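Here the structure is laid out as structure tokens; the discussion comes afterwards.
Nothing in this text is a laboratory measurement; each read-out follows from the coordinates by a stated rule. The model shown is predicted, which means the values in this text are computed figures rather than measured ones. With ideal geometry, Cβ positions are generated from the backbone for all residues, glycine too; neighbour counts draw on all protein chains shown.
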Amino acid sequence: MSENKKALVFDTETTSLPNTKNGRSSYGYIVQISWCVIDLSTHKLIKVKDHIIRLPFNVKIPKDSIKIHGITNKIMRQKGIPISPVLKEIIQDMRTSSLIVAHNINFDITYLKVEAFRNGLGRIYNTINIKEYDTMKKGMVIANTYRISPNSGRKVLKSPKLVELHEKLFNSTPSNLHNSLIDIYVCLRCFYKLEYDVDLLTINNNFKKIFNDLCEPQSKSKLDSSSL
């Protein structure tokens with residue numbers, strides 16, 4: 001049997017970040033989930049999925065979240081689908097992959113687990129035993145981004161945003177981020193550069209067309225000069 005060399009890259013957009021109060025955590029809902037499966041031997045995309053999720057009738061998307069990902073309650077009601085079959089499909093695709101890739105993977109995996117449990121699928125993700133790859137952690141040193149510590153007032157290394165990592169690796173800024181479909185393509189390109197030191201755009205013309213059409217990358221130096 002040939003070795004499985006497929007990677008699944010995924011991302012979610014949610015109604016909110018997890019909220020911890022008095023030692024207890026509460027979670028919002030997934031409103032969009034996207035993933036792609038790529039053959040790491042041929043570098044060809046095998047599958048791409050993108051879904052808006054219909055939330056329970058008593059749940060609304062907060063205005064602050066709408067400002068981030070652009071999914072309104074009207075869009076969610078008109079275009080959304082139930083999450084349960086989507087969860088089953090992505091979990092099955094994960095089972096047949098050899099690697100799961102995401103940017104800040106703990107966040108997205110946590111929401112997968114929460115939604116699975118919430119929708120009667122139990123701890124379905126825990127049945128998967130596959131290597132995870134976090135482009136945020138892998139790219140931390142390379143991105144070399146900093147924040148000011150509130151305690152010491154000194155600069156400390158911070159986890160890079162996906163756009164910051166892409167800018168460092170390719171000197172260009174992708175557009176339309178915080179759409180999970182766009183984010184998986186940006187994450188996939190970053191993954192290839194981090195893991196193989198290869199720009200996927202140079203070895204997969206189909207991916208190059210999709211990426212340039214959807215992500216509309218602009219030169220970082222050009223953007224910097226236009227803001228002067």
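Quick notes on this one:
- Summed side-chain charge close to Gln92 - residues other than Gln92 whose Cβ falls under 12 Å, Lys, Arg +1, Asp, Glu -1: +2
- For the chain, modelled as a GNM whose springs connect Cα atoms under 10 angstrom apart, the maximal fluctuation among Arg77, Arg154, Arg54 occurs at Arg154.
- Ranked list, fewest to most other Cβ atoms within 10 Å of each Cβ, for Val37, Val9, Val141: Val141, Val37, Val9
- The distance separating the Cα centre of the range 179-208 from that of the range 31-49 comes to 11 Å.
- Close amide-amide hydrogen proximity is noted between Val198 and Lys193, each under 5 Å apart and 5 or more residues distant or on a separate chain (H modeled in the peptide plane; Pro and chain starts excluded).
- Counting beta carbons within 10 Å around each of Val101, Val163, Val114 and listing the fewest first gives the order Val163, Val114, Val101.
- Given charges at beta-carbon only (K, R positive; D, E negative), |dipole| of the range 115-189 in Debye: 320
- Given Lys74/Lys193; Lys63/Lys131; Lys131/Lys168; Lys63/Lys208, the pairs whose alpha carbons are separated by over 29 Å: Lys74/Lys193; Lys63/Lys131; Lys63/Lys208
- Positive minus negative residues near Phe107 (Lys, Arg vs Asp, Glu; Cβ under 14 Å): -4
- Rounded to the nearest 20, the Cβ-based charge dipole of the chain about its Cα centre (Lys and Arg +1, Asp and Glu -1) stands at 640 debye.
- Ignoring lysines fewer than eight residues from Lys49 along the same chain, the ones with Cα atoms less than 16 angstrom from its Cα are Lys6, Lys79, Lys88.
- Its DSSP H runs of at least 4 residues, each contributing -39,500 (n - 2.57), put the calculated 222 nm mean residue ellipticity of the chain at -11500 deg cm²/dmol, to the nearest 500.
- Net charge of the neighbourhood of Thr15, taken over other residues with C-beta under 10 Å away and scored Lys/Arg +1, Asp/Glu -1, is -1.
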